[in-house]
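The values are calculated or read from the model by the stated rules, or taken from the named source; none is laboratory data. Quick caveat, the model's predicted, so the values are computed rather than measured. Note that we place each Cβ from the backbone using ideal geometry, even for glycine, and neighbour counts take in every protein chain shown. Just so you know, the surface numbers come from the protein's heavy atoms only, side chains and all, with ligands and any DNA or RNA stripped out. Shrake-Rupley method; radii C 1.70, N 1.55, O 1.52, S 1.80 Å.
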Amino acid sequence: MDILVCMKQVPDTETKIVINPEGTGIVTDGIKYVMNPYDEFAVEEALKIKEKMGGTVTIVSMGPQRATEAIRTALAMGADKGVHLCDDAFEGADSYSTAKALAAAIKPLSYDIILGGKQAVDHDNAQVYAALAELLDISHVSIVTQLDVAEDGKSAVAQREVEGGAREVIEVSLPAFIACQKGLNEPRYASLPGIMKAKKKPIDVIDLAKSGLSADEVGEKGAKLKIRKFFLPPEREAGKILEGEPEELATQLVKLLREEAKAI
Amino acid sequence: MFELNDTHRMVQDMFRQYMMNEIEPIIDDIEDGKIPLFEPLRKMVETLGIRSQMDALDLSKPLRGDSPEKRRPDPDDPLQGMEVVAGNLLIKEMSRVSPGAAMSFGVCTGLAGGTILAKGTVEQKEAFGRPLMKLDKIGAWCLTEPGAGSDALGSMRTTALEDGDHYVLNGSKTFITNGPVADIFVVYAKLDRGGAGKEIQNFIVLREDAGLSTGTPFQKMGMKASQTSEVFFDDCRIPKDRLIGGETAAKSRDHVKEGLSNERSAIPTIALGIIERCFEIAVGYAKERVQFGRPLIEFQLIRNRLARMYVAMENVRNLFLRTMQQAIFGGQTKLDVCMGKLYCAEMATWVANEAIAILGGYGYMREYVVERLARDAKLLEIGAGTAEMQIITMGEELATTWKP
Ligand SMILES: Cc1cc2nc3c(=O)[nH]c(=O)nc-3n(C[C@H](O)[C@H](O)[C@H](O)COP(=O)(O)OP(=O)(O)OC[C@H]3O[C@@H](n4cnc5c(N)ncnc54)[C@H](O)[C@@H]3O)c2cc1C
Ligand SMILES: Cc1cc2nc3c(=O)[nH]c(=O)nc-3n(C[C@H](O)[C@H](O)[C@H](O)COP(=O)(O)OP(=O)(O)OC[C@H]3O[C@@H](n4cnc5c(N)ncnc54)[C@H](O)[C@@H]3O)c2cc1C
């Protein structure tokens, strides 16, 4: 099996987000970046498929220079090689122009299955995989919590979460994109020998020229979506505690609901 | 100046993630004796791939084949000295959560296992050294005696009497880390061949050897993750092939003193783990905690504490990096070892106590971690030679060999 994993490097989930003064993005100074947690499930699942069926696991990631750290982490977990879409032109992408670039990197590769997280925890769009599957003309199954690849590697049965805790069981022919959800597996730690070996594994860097795309198809220019403003939800003010006899309280409460909260 | 490279940092991140996810949640249970420490440690060495590294060690060759002079920094080799760096990072990251766990692990692998790997015969390395490095067996390292602490070598009473193809050990050891649980004991004893001289040698004694017994675990101030006890030898007969290094073992005192340097060199590493964690907790807390209408970090007196703690942390970090550099490339002097041990141990205790102060009443509570690290830190000033012993050795060096 040739297994691809789409992986993104994102701010650590414990990051305290600060919006820049212009409101055009977040302050990135001092942020620790990690592998998108949902992508960890994808890497783990890919390694499990490889362990069972043989083959190779290739990590595909679009991101700035620093994203190589996350690729190396996946290689240290046991993936075989990396493909890194890295060019200033790719910056400021939305889900669509991200999918566009990923598709360009993936098309020349041989693949039987593509795995990825169900969403990246930075923008939380959860759209890249659907757009990517469309561009590659393959099926996709989202929010997958269990996956069984058929012995012949031609199809897979995936369980996905639906409303109310119910499960949907889907059989899909391969290649397909599988968007992984928490619960699918328990991602392994990178091991010490794994990290040492990762240092020598190849990472193929793809810039704009190598991707075969033009500058206005990718990044901010190729985006269908323009982000106008970032802002944080207003800080919650302390609640009010009313005091007095029940009758007074009721009068006060009605007054506040009408005049301050404008709820009635 | 030696610095951590990207690969080292990746190893550090991975160790940290493991300690925070897998050890921190159970550390109170370990300290309370509900979980035997070596169970999670065994899982740790398996998961992190340390066991497989130890399986791959070629024990037929000396541990460090090349002489220190030949080892030159190679900027193009990110894996140069990796075994030293990874070992130290593991101890440091463990110490951020539990210096006690780090001490027990370090005694088993670094002191007991390390002594056998450094000086043992190939057979001893295979039979006893490798199982200790993999944590298949638990090791103890027995030097201190009830009447021989700081003057461990001079006042030693434990003897090993040559008797045909056996040695017979008599004596007792105290404050022995892992004593209650160890399978393999590396024991310092005076070898008595019937002649006049009695040189100190290292012997391997096994839990099942008749005549060996261990006391009940001591109740301690800190390092509660680690068990400590007395070890007794009562006409304990061991075959002659348990003399570490065999009959050709070096006969000078210096050969047993090397182990003592090893023990001291680990102190900057444990100290840095304690200091980093205490500092991070203290800064985080000072930013959140509001008194007199403002976060603590806005008060000058708090800033004064934090600034000084930061200085201590970076000094200790530099000594930690320098100690690793010397372990990889050579050139470590007695002054270096004693300086690192003295300063880092004192700073660990001091920073941990400062962190408690900043957390106020909360710092005194178990839930807030710093009290555990502070109690553990105090041992760094006592074990591996007290502060006074470091100063005495340094004074001796400064008066004799040191040159400007
Ligand atoms: C938790 C724990 C774990 C330990 N683990 C081990 C272990 O695994 N293996 C092992 O062999 N040992 C171990 N030890 C023992 C440790 O190394 C000794 O406690 C240490 O060397 C000090 O010896 P002592 O306790 O007998 O103190 P003493 O030597 O009696 O010293 C008492 C005080 O007198 C001072 N002093 C002594 N001589 C002088 C002098 N000439 N001038 C000035 N001051 C002096 C000392 O600095 C100290 O302050 C452990 C100890 C503890 C507490
Ligand atoms: C075991 C124990 C028993 C106790 N028993 C009692 C009891 O019986 N009854 C009771 O009422 N209380 C009791 N206390 C509470 C104790 O009095 C408080 O912990 C203490 O007053 C400190 O308050 P705090 O813990 O909220 O720390 P904080 O007030 O939050 O202080 C934290 C740190 O900030 C420093 N700080 C605060 N303000 C400033 C400033 N303006 N400038 C510079 N530094 C500042 C403090 O000195 C301290 O270092 C007890 C506490 C403990 C730990």
Whole-angstrom gap from the range B:131-192 to the range A:191-215, using each part's C-alpha centre: 52 Å
Rounded if a/c under 1.5, otherwise prolate or oblate - the range B:114-228, Cα gyration tensor axes: oblate
Rounded if a/c under 1.5, otherwise prolate or oblate - the range A:2-222, Cα gyration tensor axes: rounded
Sum of side-chain charges, A:K81 neighbourhood, beta-carbon under 14 Å (Lys, Arg +1; Asp, Glu -1): +3
Between helix A:37-53 and chain A: long-axis angle, C-alpha atoms, 0 to 90°, nearest 10: 30 degrees
Dipole of chain A, positive direction: furthest Cα of A:V121, A:S110, A:I264, with charges on the beta-carbon: A:S110
Most to least accessible of B:M20, B:M14 (protein chains only, probe 1.4 Å): B:M20, B:M14
Taking chain B and dividing mean pair separation by its residue count, relative contact order in percent (alpha carbons under 8 Å, at least six apart): 16 percent
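Once the other residues with Cβ under 15 Å from the Cβ of A:D152 are scored (Lys, Arg +1; Asp, Glu -1), what is the net sum? Provide the component values of the computation, followed by the final result.
On the way: positive: A:K52, A:K154; negative: A:D2, A:D112, A:D148, A:E151, A:E171.
Neighbour charge sum, excluding A:D152 itself: -3.
Would you work out the relative contact order for the range B:6-138, in percent, from Cα pairs under 8 angstrom that are 6 or more residues apart? Mind showing how you got there, number by number?
Numbers: 95 pairs, mean separation 47.5, N = 133.
Relative contact order for the range B:6-138 comes out at 36 percent.
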Residue-count net charge about B:F15 - beta-carbon cut-off 10 Å; Lys, Arg +1, Asp, Glu -1: +1
By average C-beta atoms within 10 angstrom, highest first, the peptides A:164-176, B:212-224, A:241-253: B:212-224, A:164-176, A:241-253
Positive-pole candidate from A:P175, A:S139, A:I71, dipole of chain A, charges at beta carbon: A:I71
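Quick one: putting +1 on the C-beta of Lys and Arg, -1 on the C-beta of Asp and Glu, what dipole do you get for the range A:2-222 around its Cα centre, in Debye to the nearest 20? The partial results should precede the final answer.
Values: 23 positive and 34 negative charges, 163 e Å.
Here the range A:2-222 has a charge dipole of around 780 debye.
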Helix B:6-18 vs. chain B, principal-axis angle (Cα, 0 to 90°, nearest 10): 90 degrees
C-alpha center-to-center spacing [the range B:86-101, the range A:1-76] in angstrom: 27 Å
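Determine the percent antiparallel among the DSSP beta bridges restricted to the protein assembly as shown, to the nearest 5. Show your work: numbers first, answer last.
On the way: 46 of 79 bridges.
Here the share of antiparallel DSSP bridges comes out near 60 percent.
If you place +1 on the Cβ of every Lys and Arg and -1 on the Cβ of every Asp and Glu, how big does the dipole about the Cα centre of the protein assembly as shown come out, in debye to the nearest 20? Could the numbers behind the result be given before it?
Working: 81 positive and 98 negative charges, 263 e Å.
It comes to approximately 1260 debye.
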Shielding score for A:185-192, defined as the mean number of other chain Cβ atoms within 10 Å: 6
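Could you tell me whether the range B:266-400 comes out rounded, prolate or oblate from its Cα gyration tensor? Rule is a ≥ b ≥ c as square roots of the eigenvalues, rounded for a/c under 1.5, then prolate if a/b exceeds b/c, otherwise oblate.
Values: a/c = 2.54, a/b = 2.23, b/c = 1.14.
Prolate shape, in that a/c is at least 1.5 and a/b is the bigger ratio.
What does the average come to when, for each residue of peptide B:43-54, you count the partner chain Cβ atoms lying within 10 Å of its Cβ? List each step's numbers first, then the result.
Numbers: counts 0, 1, 1, 1, 3, 7, 10, 3, 2, 4, 4, 0.
Per-residue shielding by partner chains comes out at 3.
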Cβ-derived FRET efficiency at R0 25 Å, B:D136 paired with B:D165, nearest 0.05: 0.35
Area accessible to solvent at A:K182, 1.4 Å probe radius, in Å²: 140 Å²
Protein accessible area in the protein assembly as shown, 1.4 Å probe - carbon and sulfur %: 52 percent
C-alpha center-to-center spacing [the range B:1-67, the range B:358-404] in angstrom: 24 Å
Top positive-direction residue, dipole computed over the protein assembly as shown with Cβ charges, set B:N21, B:Q291, A:A99: B:Q291
Rounded to 10°, Cα long-axis angle of helix A:67-77 versus longest principal axis of chain A: 70 degrees
